[in-house]
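One structure is given below, encoded as structure tokens.
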Amino acid sequence: MFRKVNNKLLGIIFGILLLAGFLLFLFDGGKNERTFREVLVDIDTSKVTEILIYPKSQDHKEVKLYKDNAGWHVTLPSGNSAKVLNDRISNLFTQFLAIQPKRLAARDESKWKELQVDSTGSRVKVFEGSNLTLDLVIGRFSFQQPRTMNTFVRLYNDIDVYEVDGFLDMMFNQGANIFRDGTVIKSD
């Protein structure tokens, strides 16, 4: 049977397959797109009025950062409030905007406990006025060679867990006193 197949017929079959492959490549329809979110944090930093952090190091007790006419303040455990330096707020916003998914780490709740993005993780809420624009759970971190730190995060109302660059625990797993202005005297 194969002896009857000549080079002309094989060339025609090869041409048809080549044309079909080219058409599939050309009209793929976007099937090579990511299967997960490209953006996790979408906030307008100029409109943010309140940040609530529930750090696991503080047994998830609320750390409230809020903006009023005099600038940013933090509510202390005693109930008083203290001024927050603009640099601290700028660093927070820089951390928020740097949260970009590198890879999808899990697609179901069974991995939440292992990655600490369940109730054991630090939770962060960002408000623009009365609108909740970000609700994020920050889980455990991982260290990979060559010297890269990654953190697992999950949007609170989502089941997907993402791995992002950075050591987010350093910024978001702190008590209220770390945010307060520690300046005692400003003098020459």
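The values are calculated or read from the model by the stated rules, or taken from the named source; none is laboratory data. These numbers come from a predicted model, not from an experiment. Note: ideal-geometry Cβ built from the backbone for every residue, glycine included; neighbour counts use all protein chains shown. For the accessible areas, the whole protein counts, side chains as well, though only heavy atoms, and no ligand, DNA or RNA atoms are used. Shrake-Rupley method; radii C 1.70, N 1.55, O 1.52, S 1.80 Å.
For the range 27-56, taking the residues that are among the polar types (S, T, N, Q) and at pLDDT below 75, the one that is farthest from residue 162 (Cα to Cα) is identified as 32. Scanning the range 57-75 for residues that are in contact with a strand residue (DSSP E or B) (Cβ under 6 Å, 6 or more places away or on another chain) and modelled with pLDDT under 90 returns a single hit, 60. If the condition is being touching a residue at least 12 places away in the same chain (Cβ under 8 Å) and either open to solvent by 40 Å² or more (accessible area, probe 1.4 Å) or aromatic (Phe, Trp, Tyr) (or both), then the range 129-150 contributes 129, 133, 140, 141, 148, 149.
If you scan the range 151-167, which residues turn out to be surrounded by fewer than 19 Cβ atoms within 10 Å (Cβ to Cβ) and more than 18 Å from residue 92 (Cα to Cα)?
Initially, the range 151-167 is screened for residues surrounded by fewer than 19 Cβ atoms within 10 Å (Cβ to Cβ), giving 155-160, 165-167.
Listed by number, the residues that qualify are 156, 157, 158, 159, 160.
Taking the criterion of being farther than 11 Å from residue 162 by Cα, in contact with a Phe, Trp or Tyr (Cβ under 7 Å, 6 or more places away or on another chain) and surrounded by fewer than 16 Cβ atoms within 10 Å (Cβ to Cβ), the only residue of the range 102-128 that qualifies is 118.
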